[in-house]
Amino acid sequence: MQTAIQKIGDAHLLVTPDGKPVPHKDAEQPTFHVQPQLFNPYSDINLSDISLVEVTLAPHDSTQPVSVLPKDVTVRQPYPNENYYVAGTAERKMGWDILLDLDAPPKWLDLTWEVQMPPDSSHPVLTIYHRFTLDFVLTQQGQVFSMDQANTFYDPNARTISFISLNHIDDSFTKGDKSFKSYRMDYPYGLAFYQTLILNSCAWSDLVSTGIEDTLLERDIEPAAEFKTYTEAHHNNACCEIPADVLYRAIQLAREISVGEDSPYYWNSEAHPAMQYICDWWNQNAPISESRIAAQMQIDVRIADDNSYVSGMDEKPPWSIDGEWRAKSRNACARWNEYVLIHFAQTKTANIYWDSSFLVPDVVGEHFNSGDGVAAEEAKTWDFAEYGLNALKYFPERFPFAWEKLQAAIHTPV
């Protein structure tokens, strides 16, 4: 199921891409959803190098922990961002369940990961220990207490993520939670993390992770040789077609001109030559003159012959091709052939900010990007155009089949 988070009144709810609430689904009795996660930013450490070797729970009336590690525990990379690893079971990607007695709830949960290090490392194995002190708060929303709750940006807990390196921990993970502590270990060699989790109960249908279970990522999709379905819907989602050489050149510029911390484009991706090049094309050629105000863009790509676009924003789930919202932004979009949809948006100075939410409007004033639970002061520092710039930069790696077709269209050797 493809889902997004939307704020309705004071509550954050999961909705489908068309904005409809996800049908309510709850557990029949109090349930602890254990979802171990690990952040690995290193390309020389792979999935086969990472194991979850121990998971223990401390009973309410004892200091002697008991193992709750499934025999078929399996570690995967279920998110579009390959740096995130999640432990589940052979049949389930996103964790597993433990029934709770709320009159005698467990006191803490301990995870132990082992990482096989590259051959040139000083130690062959990195051990990662993570303790979560648990506090379960039953609410009227449901009977599920999930570690996944803390991974949403609006939850005050630090995210329930272990790390392979202390150098890659920032505020986006800890969210200012002072209970989160990190230490280096000498024996065994590794890292230790401690944090308190205050888990308010919810329903299964309130969790983002439930939608990930059925999500097929682009790296798992066999590219279609041709598209026989939803071609009319794809065509109708754009008001014009972008020439192959324009899209190709924008990708080239994004790859050729780097953005380091000393770059004038750092935190200002709208000024990058690749972004300006593709937006200038739109501003000279868009059929509706009032929409010629583009300063940033984002890409959606068709891979399989189905009703899905895969987003160039690497943490965004797929979107339906024939969603109702597409018609509203038709005049803000261009397409290339049967593969690519490009959505153009206004400059960041046109963003609309409220106390704890924001809206980035596209060139016809419709939704392009948004967020809830984010203070205006923080949201104003975000560089939304960076997502589009990265979509161009990494297009050949993320969408090799469409890249091959694009190269062929301009008679460039593959």
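The values are calculated or read from the model by the stated rules, or taken from the named source; none is laboratory data. It should be emphasised that the depicted structure is a prediction, and the values quoted were computed from it without experimental measurement. No Cβ is skipped: glycine too gets one built from the backbone with ideal geometry, and neighbour counts run over all protein chains shown. Note: accessible area is taken over every heavy atom of the protein model, side chains too, but ligands, DNA and RNA are not part of it. Shrake-Rupley method; radii C 1.70, N 1.55, O 1.52, S 1.80 Å.
The listed residues are Arg292, Arg330, Arg335, and the only one of them that is in contact with a helix residue (DSSP H, G or I) (Cβ under 6 Å, 6 or more places away or on another chain), surrounded by fewer than 24 Cβ atoms within 10 Å (Cβ to Cβ) and among the basic types (Lys, Arg) turns out to be Arg292. Each residue in the stretch 90-141 was checked for being charged (D, E, K, R), in contact with a Pro (Cβ under 6 Å, 6 or more places away or on another chain) and surrounded by fewer than 17 Cβ atoms within 10 Å (Cβ to Cβ), and 0 pass.
Take Leu247 and decide whether it is within 27 Å of the chain's Cα centre (by Cα) and part of a helix (DSSP H, G or I). Yes: the conditions hold for Leu247. Scanning the stretch 158-205 for residues that are exposed (fewer than 15 other Cβ atoms within 10 Å of the Cβ) and within 28 Å of Leu102 (Cα to Cα) gives Lys178, Ser179, Lys181. For the stretch 142-157, a residue qualifies if it is assigned to a helix (DSSP H, G or I) and open to solvent by less than 20 Å² (accessible area, probe 1.4 Å), and the qualifying residues are Met147, Asp148, Ala150.
To keep it simple, each residue is scored yes or no on (1) on the phi > 0 side of the Ramachandran plot; (2) in contact with a strand residue (DSSP E or B) (Cβ under 8 Å, 6 or more places away or on another chain); (3) part of a loop (DSSP other than H, G, I, E, B).
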| site | (1), (2), (3) |
| --- | --- |
| Ser182 | no, yes, no |
| His234 | no, yes, no |
| Val259 | no, no, yes |
| Trp267 | yes, no, yes |
| Glu270 | no, yes, no |
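Within the stretch 229-258, being surrounded by fewer than 20 Cβ atoms within 10 Å (Cβ to Cβ) and either modelled with pLDDT under 95 or polar (S, T, N, Q) (or both) holds for Thr229, Thr231, Asn236, Gln252, Ser258. When every residue of the stretch 39-46 is checked against the conditions, at least one turns out to be farther than 30 Å from Pro105 by Cα, open to solvent by 70 Å² or more (accessible area, probe 1.4 Å), touching a residue at least 24 places away in the same chain (Cβ under 8 Å) and part of a loop (DSSP other than H, G, I, E, B).
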